[in-house]
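These notes concern the structure reproduced below.
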Amino acid sequence: MIASLLILFHVLGAISSVHAIMSTRTSQGAVAWVVSLNTFPLLAVPAYWVLGRNKFQGYVTARQLVDEQLVQVAPESVAHVEEFMVPHEALTSGLRMVDTLTDMPFTGGNDLELLVDGDETFESILSGIEGATNYILFQFYIIKDDEIGNEIKDLLTRKAGEGVRVYFLYDEIGSSKLSRSYLEELGNAGIEVAAFNTTQGRRNRFQLNFRNHRKIVVVDGHTAWVGGHNVGDEYLGRDPRFGHWRDTHVRMIGPAVIGAQISFLEDWFWATRQAPTLDWLPDPASEADRKALIIPTGPVDVRETASLMFVQAISSAQERVWIASPYFVPDEAVLKALELADLRDVDVRILIPDEPDHMLVYLAAFTFVDELAHTGIGFYRYTGGFLHQKVVLVDNHIAVVGTANLDNRSLRLNFEVSTLVVDPEFAAEVTEMLERDFTHSRRMHAEEFRQKPRWFQFAARAARLTAPIL
């Protein structure tokens, strides 16, 4: 019986290997799966059919239906958005590429506020929700039933009681610890509540490896918030295990809000098959004219949008490219782009945490740093707490703030959203913020990894093998 079972799993491992070779997006991922499937089939076969999928089924159809509905119900709004769209000839070739890649409107007439850390971020979000008169779109990857979570729940409940429509969307895996009573209280208050529900539909029952990692709040169609914070007390530095939580959000007013709203609506339609009536008329900022683009990325994209976004940002840099990310597990394209930027004498800096929250990606990062040790790239470990922000700074005029980490999960498996801003003043604010972060960091030296104990080096190398399938 045991022998027959082993033979069966080895056969299934061989069959699954063929599927992995034919469908896995990267050669590294295919190799990792093939080795695992044929070496440890009892563990790897079920893991592959749960974790190995890289195509998210069904969402493309939902996206098309939403886009068709937008054109039908709001043709005048589309025309108004076009008034604020930045002409292609006014963009650099790199920005034109990103504009085409995302198929989202690159608009002017925006004002953006950089929000540093949890206190600033949640004060801004709560104030914005307080002022809502028509509707609130609220989406986070992790929502917890703790002090800040209950403060938000109470405020959303009160706004719903005032007649404001509230749409509450969460990722069921990221928010797996969110209590049923919390969700029931929201529902009883008249709030529309939905889990993203990656596994809905007969063909999608094994889509457990995908996450909706987006964090979006939209109020009345004219103000939006996007960034790295989730809803939990630790994001305000209240968890002694992490201490100070270093994160970044951005608040925007202007036509770019339409992009954040489209991203939310596509997710909401996937989750509920309903499209609420929203305000699609762009509302330009009165005191600013910053260019901004919302970049939703995910496993439904025809191209690997998140990876290409990072590669283009690095490749376009002439003076500097600074990247802050809690995880540094880049793919081959990003690695080569970083090396080429260094050869162009670009000031390349990577800021990552000094303390881990996910051990495998923490260990794997050492091997990538070691691989680039021969370059002039500066790797910095943030020592002032836990670094969770996802920020890119290019030269003196481009900045990106969003939810995408520099790892395979964000590049290929997660639904993410980023805000790209083209504005020297905003970039200067980001520069000042990152310079403060560097003062609370230590620069890694070239031999740091090789001076670690042998067992640590082996663990790091082993962790790297899992990077394509994390």
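Structure notes:
- Set 426, 449: member being surrounded by fewer than 22 Cβ atoms within 10 Å (Cβ to Cβ) and not charged (D, E, K, R): 449
- First in the range 218-232 and within 15 Å of residue 140 (Cα to Cα) and open to solvent by less than 10 Å² (accessible area, probe 1.4 Å), second anywhere and small (Gly, Ala, Ser) and in a strand (DSSP E or B), Cβ under 9 Å, 6 or more apart: 218/224; 226/402; 226/418; 227/402; 228/402
- In the set (1) open to solvent by 40 Å² or more (accessible area, probe 1.4 Å); (2) at pLDDT below 95, the condition left unmet by residue 181 is number (2).
- Which listed residue is in contact with a Ser or Thr (Cβ under 9 Å, 6 or more places away or on another chain) and not polar (S, T, N, Q), from 101, 126: 101
- Members of the range 343-371 that are at pLDDT 95 or above and open to solvent by 30 Å² or more (accessible area, probe 1.4 Å): 343, 344, 345, 347, 349
- Taking the range 376-404 as the range and being open to solvent by 10 Å² or more (accessible area, probe 1.4 Å) and among the polar types (S, T, N, Q) as the test, the residues that pass are 383, 396.
- Residue match in the range 366-376 (condition: closer than 15 Å to residue 312 by Cα, β-branched (Val, Ile, Thr) and more than 20 Å from the chain's Cα centre (by Cα)): no
- Filtered residues of the range 281-297 (kept if open to solvent by 10 Å² or more (accessible area, probe 1.4 Å) and either closer than 23 Å to residue 101 by Cβ or assigned to a strand (DSSP E or B) (or both)): 282, 290, 291, 296
- Subset of the range 331-342 [under 20 Å from the mean Cα position of the chain (by Cα) and open to solvent by 10 Å² or more (accessible area, probe 1.4 Å)]: 331, 332, 333
- The one condition in (1) in contact (Cβ under 8 Å) with a residue 60 or more places away in the chain; (2) more than 30 Å from residue 253 (Cα to Cα) that residue 438 fails to fulfil: (2)
- In summary, residue 127 fulfils each of the numbered conditions (1) surrounded by fewer than 19 Cβ atoms within 10 Å (Cβ to Cβ); (2) over 21 Å from residue 159 (Cβ atoms) with the single exception of condition (2).
- Considering (1) aromatic (Phe, Trp, Tyr); (2) at pLDDT below 90; (3) touching a strand residue (DSSP E or B) at 6+ places or on another chain (Cβ under 7 Å), the lone condition that residue 280 does not fulfil carries the number (3).
The values are calculated or read from the model by the stated rules, or taken from the named source; none is laboratory data. Remember, it's a predicted structure, so these values are computed and weren't measured experimentally. Note that each Cβ is placed from the backbone with ideal geometry, even for glycine, and that neighbours are counted across all protein chains shown. Remember, those area values only see protein heavy atoms, side chains included, never the ligands or the DNA or RNA. Shrake-Rupley method; radii C 1.70, N 1.55, O 1.52, S 1.80 Å.
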